[in-house]
1. Would you mind working out the magnitude of the charge dipole of region 344-443 relative to its Cα centre, with +1 at each Lys and Arg C-beta and -1 at each Asp and Glu C-beta, to the nearest 20 Debye?
2. For V37, what charge total do you get from the other residues with a beta carbon under 14 Å from its beta carbon, if Lys and Arg give +1 and Asp and Glu give -1?
3. May I ask for the distance between the Cα centers of region 322-352 and region 367-443, given as a whole number of Å?
4. If the chain between V67 and E370 were fully stretched, how many nm would it gain, using 0.36 nm times the residue separation less the Cα-Cα distance?
5. Taking a temperature of 10 °C and a viscosity of 1.306 mPa s, what whole-number D in µm²/s does Stokes-Einstein yield for the chain with Rh from Kirkwood over alpha carbon pairs?
6. In what sequence do H280, H247, H338, H76 fall when counting other Cβ within 10 Å, fewest first?
7. What is the sum of charges around D276, taking Lys and Arg as +1, Asp and Glu as -1, for the other residues whose C-beta is under 10 Å from the C-beta of D276?
8. Could you please report the charge total around G121, scoring K, R as +1 and D, E as -1 over all other residues with beta-carbon less than 9 angstrom from its beta-carbon?
Amino acid sequence: MAKRTLTGTSLDTLVSLAKRRGFVFQSSEIYGGLSSVWDYGPVGVELKRNVKDAWWKSIVRGRDDVVGIDASILMHPDVWVASGHLAGFSDPLVECKECHRRYREDQVEGDGCPNCGGAFGPARQFNLLLKTFLGPVEDEAATVYLRPETAQAMFVNFENVQTTSRKKIPFGIAQIGKSFRNEITPGNFTFRTREFEQMEMEYFCEPGTDDEWHDYWMNWSMDWFKSHGIRGEKLLLRVHEADELPHYSKASADVEYEFPWGWGELETISNRTDYDLKAHTEKSGKDLSYFDDQQKKRYVPFVVEPAMGADRSALAFLADAYDEEGEGKQQRVVLRFHPDIAPFQVAVLPLSRNEKLVPTARRVYDVLREQFNTQYDDSQSIGRRYRRQDEIGTPLCVTIDFETVEKDNAVTIRNRDKMEQVRVSIENLESAIRDQLNAIRVDCQG
Ligand code: ATP
């Protein structure tokens, strides 16, 4: 595991780094911002994309028993009747009798209102579905919902996907996409927002094999985070008590990460049984059972679901990578991302903007960007540029100097973690970078 000097940091530090370096900005900032809504900047978008790509690569492209879909955010309103969301997707809301602020009851610490200390009125259930209207008439008949989870699209497309992909059970359907929940108390930066992205996979299996698959996907999920660089001691798997299980679940467990404010959920792995397929069969009239042609029997598959948040995961990767080391002039902030998660893998830095250096530096950049996500940076001193790359977690910097063009046709590779610099001929640069990135990958295993 890449060594860390710090064990953790404050949320304020992460929020200000995120703003300063272009990870995350407040939405509509020039209008005063929209509360708890965030935009990813040029560096953050690469981080979040890498998180999603790494997951997709592991769970879809890296296996032959999972296929992907990309479904619409808007679905037929009956989907949410059948799934139980319309009737039951709610959180307990309490309102302060004095200042009238509203809170999610299970998230309030102590007895009184956190704002003014006033007493709360009785709790009531508040539905989290966000509504809109489809078409030119805003009436009941035109009401649709922004999906609160991506999962339902996998259930309602079960037969389409199974027959076209010719997958046999057990197999899974995965999707990455936006979901919306009208959360009562969003907060903790990008941890809880009303618009967010999920990475979900529904694994369809034969009833009776579901407990085994549940174990399998819980282990898989923990391993996924660790193998992409999250420290093992900052992760735990928390099995749900019977009274906290959602209505569709026989068993659930959360992968939690120790954020600056405490432990928080990154992912839930649930055994959803045959609840959803049966509910949609009943509501739509379409039989969603499966004929197992080897065993010559028909059954409604059980479903095990790893459901992960892309934004929460990206925030956990950011928090976990954060480190500070050195003193005085040597002091630096460094993000020790796994190379597959780091926004950029390589930065090409000409020693200066001197016209002798630029053509070679651009040539090196053009070659490297074909293979690696590469940034070109020629502004300010080389020392400041190293610091900047450390602060966005770029594993390797390649420097082009006068010796490169006048003498040896070689460049310097600087390693983010070891701070070692090695000189490599341009001819061998690609393979040297590949080797160093692989070494950092091994070093980053949680
Ligand atoms: P919580 O208990 O924190 O409200 P949940 O248990 O309702 O979350 P799930 O329905 O299991 O969440 O959703 C799966 C994943 O989607 C969560 O583990 C989380 O990573 C992500 N997620 C859910 N709600 C939000 C949100 N409001 N903002 C950001 N990510 C979210």
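1. Computed charge dipole of region 344-443: roughly 240 debye.
2. -2
3. 11 Å
4. Gain on extension, V67 to E370, equals 106.3 nm.
5. Rounded to a whole number, D works out at 65 µm²/s.
6. Fewest to most other Cβ atoms nearby, the residues stand as H247, H76, H280, H338.
7. After counting each charged neighbour, the total is -1.
8. +1
Each value in this text was obtained by applying a stated rule to the coordinates, not by laboratory testing. Being a predicted model, the structure only gives us computed values, none of them experimental. Heads up, the Cβs are rebuilt from the backbone with ideal geometry, glycines too, and the neighbour counts pull from every protein chain shown.
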